[in-house]
Amino acid sequence: MKSNKLLLILLVGLVLSSCATEIFRLNRQNIKESIPGYFLTGFASVEIINDNSLLLKKDAAISLKNIESTEWLAIFDLMAEESMSLDLQFRTTRQELSKDSGVLIKIRNSSIEFYENGVEIAQSIDYKFTKNEKYSVKILNDGVMVKVFIDCDEILDHRTKLLSTEYLIFRSVSKEFVISSLEFQDVYEGEEANNFDFILGDE
């Protein structure tokens, strides 16, 4: 009888664990700056390179969480060995894979498109990416304000009515790419909120 109960408990545990999202963590050496991450397509679709770098394999997706606030400045580098082909998504829940939810940025090898809840919010732009070259990306997610920079180029300046959330989703589209040097920073308050020199690193 006891063995049957034990077997039942083990089976329930396996079912529950299979339904749970796999969790990993970046920046583990600094608790304050650590970044929880969630495998949305299974842990085998992502390769953790080091404490602040990971490789998304083809058609993989992860969600990263800012533990401090729902308003943030995300800074990270992107690099693709082949052509650049990925989606960035925020102002949505951690597990959301629908392209009709939140702010969605479609980055392709020669263009970038912008959507909010499935509706285009800005004209697509031409942007040529070079393989094996590292690109610095900055996303300001602050109140109604959404700004996106690649290197020193501002590619999006948008006002949104969507609620801020603490999650940023990365999704590879048929190609692999590397995310590195990722950090979330607090959004500055007061007068500095209108001074975007700090975003470009000109503090």
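The values are calculated or read from the model by the stated rules, or taken from the named source; none is laboratory data. Nothing here was measured: the structure is a model prediction, and the numbers come from that model. Reconstructed Cβ throughout: ideal geometry from the backbone, glycine too, with neighbour counts over all protein chains shown.
The residues on offer are 101, 124, and the sole one that is among the small types (Gly, Ala, Ser) and within 19 Å of the chain's Cα centre (by Cα) is 101. Residues in region 74-129 that are surrounded by fewer than 20 Cβ atoms within 10 Å (Cβ to Cβ), aliphatic (A, V, I, L, M) and within 18 Å of residue 35 (Cα to Cα): 75 only.
Given the criterion at pLDDT 95 or above and more than 23 Å from residue 182 (Cβ to Cβ), identify the matching residue among 139, 121.
Going through 139, 121 in turn, the sole match is 121.
May I ask you to list the residues in region 102-131 that are in a strand (DSSP E or B), small (Gly, Ala, Ser) and within 21 Å of residue 144 (Cβ to Cβ)? Within region 102-131, just 122 meets the criteria. Taken as a whole, the structure leaves residue 104 outside the set of residues that are at pLDDT 90 or above and over 17 Å from residue 172 (Cβ atoms). Of all residues in region 55-93, exactly one satisfies the criterion of being in a strand (DSSP E or B) and of a type in the set (Lys, Arg), namely 65. For region 31-62, a residue qualifies if it is more than 22 Å from residue 136 (Cα to Cα), surrounded by fewer than 17 Cβ atoms within 10 Å (Cβ to Cβ) and either out of contact with any strand residue (DSSP E or B) (no Cβ under 8 Å at 6 or more places or on another chain) or of a type in the set (A, V, I, L, M) (or both), and the qualifying residues are 31, 32, 44.
When the residues of region 24-50 are narrowed to those that are at pLDDT 90 or above and of a type in the set (Val, Ile, Thr), which ends up farthest from the chain's Cα centre (by Cα)? By that ranking, first place goes to 49.
Here's the yes/no breakdown for (1) assigned to a loop (DSSP other than H, G, I, E, B); (2) without any contact (Cβ under 8 Å) to a residue 40 or more places away in the chain; (3) in contact with a Phe, Trp or Tyr (Cβ under 9 Å, 6 or more places away or on another chain):
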| residue | (1), (2), (3) |
| --- | --- |
| 133 | yes, no, no |
| 138 | no, no, yes |
| 146 | no, no, yes |
| 154 | no, yes, yes |
| 157 | no, yes, no |
| 165 | yes, no, yes |
| 168 | no, no, yes |
| 179 | no, no, yes |
| 184 | no, no, yes |
